[in-house]
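What follows is a set of notes on a single structure, which appears directly below.
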Amino acid sequence: MADFDFDLFTIGAGSGGVRASRLAAQYGARVGVAEEYRVGGTCVIRGCVPKKFLVYASEYGHSFQDARGYGWTADKIDFSWRKLIENKDNEIDRLNGIYIRNLKNAGAEIFQTRAILKDRNTVHLVDENRDVTAEKILIATGGAPWTDESVPGHDLGITSNEAFHLEKLPRHVVVAGGGYIAIEFACIFRGLGCDVCLVYRGEDILRYFDTDISVQVHSEMKRQGIRIITQSVFEKIEHLGGDEKRVHLSNGTQLDTDLIFWAVGRTPSTAGLGLEEIGVELDKRGAVAVDEYSRSSVDNIFAVGDVTDRVNLTPVAIREGAAFAETEFNNNPTSMDYTFIPKAVFSQPPVGTVGYAEHEARKKFKNVDVYKTNFRAMKNMLTGSEERVLMKLVVDGDTDRVLGCHIVGADAPEMIQCIAIAVKAGCTKKHFDETVALHPTIAEELVTMREKYVPPM
Ligand code: NDP
């Protein structure tokens, strides 16, 4: 057997790469990991984790309002963006340190550099200007925000990468997109007091979700004062001087703003890695094409996480990384199960969802029953807030199996993590009905829905 420097060399130290590398090292492999930015990857450094801190910060904006109904006076409220970012950065530094320590403690060697492939066993460490060799190579380079470069002035806008490091809180934000990042950041900025306008090319935001979710989130965002312009895109962006910009939309509207935020999707980070040159097949979006064991078309090169564009979520990348390490370094062939993955959108109120949307279920199953409820939560009876909660169960009418559960409302992601166990386990509507309600909670409605929804004629 050829003598390589490493048994495994991982390019990219995000969620998937780190999990795979740590496990492989724990199974006795000699592991090298290259990272060009910061160990921890998108999720920890400029994604889920810092985003959730901004969501928490933003939610206080609503809480101070709500507190009045409960007898509190909060007249001299002050908010410091600088303080928030400083505290967030300190926590991210701490987490970054933990990720580095965990990799090192497992025995992996970290290279702080961009790495590119020279051949199927050779990795060039760009900043060190030298090569290392490995028997197996794992591509875990994730993805990056995409902006529409065909729009004149597109570079006057920022992406989520920059949003975490803004010098100051903007006064007015125009967001492009209607997916996860657009919705989450529109709500974050609104909760922090900014004027927000969201511009979406389609009709229904969050269109990959159950239609009731899309409609509910849209109306909740509008209720908070977020302006939503649908069926429109950016045509041109002009710099007006200072921080001011003007966005020209395809419907003729002009919006003056001090922050333009592109949230129109992410693309797999494969450019310039040398993959195609050595025969690794990419799909039409530039993602590494892999089989169920995350193996690419070159049999010693593997890929996990967003760079493969399967289900682009942190816990999925972690599981794919773990499955790869189990298969390749623990002699235990393991593939990822992509069914019934719970998902959340941290809008305000948030979304939690698992399983089939109603329209998906109707395509796949002959008889589909729907149970849904839409109500004002008890807490808001004193706050005066008109915020509503949506809960929906999609059930196979033939087997009674719960196929999907969809919630918009306070703590929906927390609820859905637990409900996902029941849905994944194949629980029936009867199991839900037989479960005693926990009163008074929002979640109790999940086990008290008895009437099948009949659409209006
Ligand atoms: P999404 O795919 O969720 O949304 C992209 C949005 O941009 C869609 O509304 C899409 O419209 C729109 N769009 C795409 N191309 C154009 C264009 N040329 N002009 C105008 N609009 C366009 O991507 P995000 O960037 O929001 O998030 C990327 C991924 O990151 C998500 O898919 C998710 O996997 C992950 N993520 C998960 C989070 C979570 O779990 N809470 C949070 C943030 C990100 P259309 O709907 O018509 O296609």
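Which number in (1) part of a helix (DSSP H, G or I); (2) open to solvent by 80 Å² or more (accessible area, probe 1.4 Å); (3) within 30 Å of Leu125 (Cα to Cα) marks the one condition that Tyr37 misses?
(1)
Within the bounds of segment 319-326, is there any residue that is open to solvent by 40 Å² or more (accessible area, probe 1.4 Å) and not small (Gly, Ala, Ser)?
Going residue by residue through segment 319-326, those that are open to solvent by 40 Å² or more (accessible area, probe 1.4 Å) are 319.
Going one step further and asking which of them are not small (Gly, Ala, Ser), we end up with 319.
Yes, some residue in segment 319-326 is open to solvent by 40 Å² or more (accessible area, probe 1.4 Å) and not small (Gly, Ala, Ser).
Give all pairs with beta carbons closer than 8 Å in which a residue from segment 308-323 that is in contact (Cβ under 8 Å) with a residue 60 or more places away in the chain meets a residue that is among the hydrophobic types (A, V, I, L, M, F, W, C) and open to solvent by 40 Å² or more (accessible area, probe 1.4 Å); count only pairs at least 6 apart in sequence or on separate chains.
Within 8 Å, the pairs are Thr314/Cys48.
What pairs can you find where one residue is in segment 81-104 and loosely packed, with under 13 Cβ neighbours inside 10 Å, the other is modelled with pLDDT of 95 or more and not small (Gly, Ala, Ser), and their Cβ atoms are less than 6 Å apart, with a gap of 6+ or different chains?
If the second residue must be modelled with pLDDT of 95 or more and not small (Gly, Ala, Ser), no pairs are left.
Wholly within segment 191-293, which strands (runs of 3 or more DSSP E) include no fewer than the required count, namely at least 3 residues that are within 16 Å of the ligand (Cβ to nearest atom) and farther than 29 Å from Pro455 by Cα? Break it down stepwise before answering.
Numbers: elements: 195-199, 227-229, 234-241, 244-249, 254-257, 259-262, 266-268.
Answer list for segment 191-293: 195-199, 234-241, 244-249, 259-262, 266-268.
Yes or no: segment 201-223 includes at least one residue that is more than 30 Å from Arg362 (Cα to Cα) and among the β-branched types (Val, Ile, Thr). Outline the logic, then answer.
Taking segment 201-223 first, the residues more than 30 Å from Arg362 (Cα to Cα) are 223.
When the remaining residues are screened for being among the β-branched types (Val, Ile, Thr), the result is none.
No.
Read through the list (1) closer than 25 Å to Gly41 by Cα; (2) of a type outside the set (Asp, Glu); (3) within 8 Å of the ligand (Cβ to nearest atom), then give the number of the only condition that His165 fails.
Condition (3) is where His165 drops out.
Results for (1) under 23 Å from Thr133 (Cα atoms); (2) surrounded by 21 or more Cβ atoms within 10 Å (Cβ to Cβ), shown as yes or no for each residue.
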position: Asp7; (1), (2): yes, no
position: Gly16; (1), (2): yes, yes
position: Val44; (1), (2): no, yes
position: Gln65; (1), (2): no, no
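Search segment 258-273 for residues that are of a type outside the set (Ser, Thr, Tyr) and pair each with any residue that is open to solvent by 40 Å² or more (accessible area, probe 1.4 Å) and in a strand (DSSP E or B) when their beta-carbon atoms are under 9 Å apart and the residues are at least 6 apart or on different chains.
Close Cβ pairs (under 9 Å, with a partner that is open to solvent by 40 Å² or more (accessible area, probe 1.4 Å) and in a strand (DSSP E or B)) amount to Asp258/Glu244; Pro268/Leu282; Gly272/Ile116; Leu273/Ile116.
Can you give me the number of residues within segment 419-436 that are out of contact with any strand residue (DSSP E or B) (no Cβ under 8 Å at 6 or more places or on another chain) and surrounded by fewer than 14 Cβ atoms within 10 Å (Cβ to Cβ)?
6
Find the strands (runs of 3 or more DSSP E) located wholly in segment 315-424 whose residues include 1 or more that are over 24 Å from the mean Cα position of the chain (by Cα), and list them. Lay out the reasoning, then the answer.
On the way: elements: 343-345, 351-355, 368-376, 388-396, 402-408.
Result: 368-376, 388-396, 402-408.
Output the residues belonging to segment 127-166 that are under 17 Å from Thr10 (Cβ atoms), among the small types (Gly, Ala, Ser) and in a strand (DSSP E or B).
Going through segment 127-166, the residues under 17 Å from Thr10 (Cβ atoms) turn out to be 127-128, 131-143.
Still in the running and among the small types (Gly, Ala, Ser): 134, 140, 142-143.
If the condition is that a residue be under 17 Å from Thr10 (Cβ atoms), among the small types (Gly, Ala, Ser) and in a strand (DSSP E or B), then Ala134, Gly143 are the ones that fit.
Taking Val174, is it more than 12 Å from the ligand (Cβ to nearest atom) and either of a type in the set (D, E, K, R) or in contact (Cβ under 8 Å) with a residue 24 or more places away in the chain (or both)? Reasoning before the result, please.
On the way: more than 12 Å from the ligand (Cβ to nearest atom): yes; either of a type in the set (D, E, K, R) or in contact (Cβ under 8 Å) with a residue 24 or more places away in the chain (or both): yes.
Here the answer is yes, as Val174 does meet what is asked.
Looking only at segment 327-341, filter to residues that are buried (at least 19 other Cβ atoms within 10 Å of the Cβ) and farther than 23 Å from Ala357 by Cα; which one of those is nearest to the ligand (Cβ to nearest atom)?
If we filter segment 327-341 for residues that are buried (at least 19 other Cβ atoms within 10 Å of the Cβ), which is where we start, we get 328-329, 336.
Subsequent filtering for residues that are farther than 23 Å from Ala357 by Cα retains 328-329.
On the way: Glu328: 26, Phe329: 28 Å.
Once the filter is applied, the top-ranked residue is Glu328.
The values are calculated or read from the model by the stated rules, or taken from the named source; none is laboratory data. Please read these numbers as outputs of a predicted model, since none were measured by experiment. Cβ: placed from backbone, ideal geometry, glycine included. Neighbour counts: every protein chain shown. Calculation scope for accessible area: heavy atoms of the full protein, side chains included, ligands and nucleic acids excluded. Shrake-Rupley method; radii C 1.70, N 1.55, O 1.52, S 1.80 Å.
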